[in-house]
1. Please identify the GluC sites (Glu not before Pro) of the range 64-117 that satisfy two criteria: DSSP loop assignment and at most 14 other Cβ atoms within 10 Å. Which are they?
2. Could you report the accessible area of K73 in Å², rounded to 10, computed with a 1.4 Å probe on the protein chains as they sit in the structure?
3. In whole angstrom, how long is each semi-axis of the equivalent ellipsoid of the range 40-83, when you take the square root of 5 times every eigenvalue of its Cα gyration tensor and sort them from largest down?
4. I'd like the projected area of the range 187-235, averaged over all directions, using the convex hull of its alpha carbons. Report it in nm² with one decimal.
5. Mind listing the long-range amide H neighbours of H125? Cut-off is under 5 Å, sequence gap 5 or more, other chains count too, H placed in the peptide plane at 1.01 Å from N.
6. Which of the pairs K8/K169; K73/K140; K131/K165 have their Cα atoms more than 32 Å apart in this structure?
7. What number in nm² do you get for the range 103-142 if you take the convex hull of its Cα atoms and divide its surface by four?
8. Using a 1.4 angstrom probe and counting only protein chains, how large is the accessible area of Y101 in Å², to 10?
Amino acid sequence: KVYREEAKAIEDIRRRIVELSGKEQPYDVFICYKETDENGERTPDSVMAQEVYDALTEKGLRVFFSRITLEDKLGTEYEPYIFAALNSAKVMLVFGTDYEYFNAVWVKNEWSRFLALIASGQKKHLIPCYKGVDAYDMPKEFAHLQGQDMGKLGAVQDLVRGVEKLLGKGPAQAAQTAQPVIVQAAGGVSSDALLKRGNMALSDGNWKAADEFFDRVLDMNAECAEAYLGKFLARVQ
């Protein structure tokens, strides 16, 4: 009897989650971070994440950032909205200024679920965004991912540009619809040929060679959006 009652309660919760999440509009980006520290104060991660949230929303992207996205849902169950955002977002940004923050219970719960969706075959991207910690001290699950050092000058702009390219939006999308510009190098090799070789290297998983090919394209045409996209893809693999 106890098991039947618990099973019914679980099914009611599942049905409510599916019903509410089905009403949510899809997100482009999910921002994962720890909101408060052990003293209940706001973390540097939260402040840094909001700067990126503001920059992304200015670009017209739909971003899940719990501090703002859930602020009008106080007293309600958050899980349906988190569930919907995790499943619809194509990019997750995981912020951390401390190893313990990366592994905080709810933070790890979110990025673990997102990685599981990637492992199941969904086309999603997770980018660790760290500051003040060694890249090698991040969770071992991030070892194969290219992170973004938020302590570097221009990190927010670089991150926003990279996210736009991954989503196929912004300047990169406009470049895809334009006629390709073919630039000839002194040795007779065109930028178009180098782009093709770079994309072939990406397909083969040869990230270093791909990055070098795209660098050669940028030496010939510093405004080639496809080359910038290729370099980013070579880094995030």
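1. On the way: sites: E71, E77, E100, E110; in loops: E77.
Loop-located and lightly packed - E77.
2. Rounded to the nearest 10, that gives 40 Å².
3. Taking √(5λ) for each eigenvalue gives 19, 16, 8 Å, largest first.
4. Here the figure is 2.9 nm², rounded to one decimal.
5. V91, M92
6. K8/K169; K73/K140
7. Values: hull surface 12.1 nm².
Reported value for the Cα convex hull: 3.0 nm².
8. About 40 Å², ignoring ligands and nucleic acids.
The values are calculated or read from the model by the stated rules, or taken from the named source; none is laboratory data. Values in this document were obtained by computation on a predicted structure and should not be read as measured data. Cβ: placed from backbone, ideal geometry, glycine included. Neighbour counts: every protein chain shown. The protein model used for the area step is the full one, side chains on, heavy atoms only, and it has no ligands, DNA or RNA in it. Shrake-Rupley method; radii C 1.70, N 1.55, O 1.52, S 1.80 Å.
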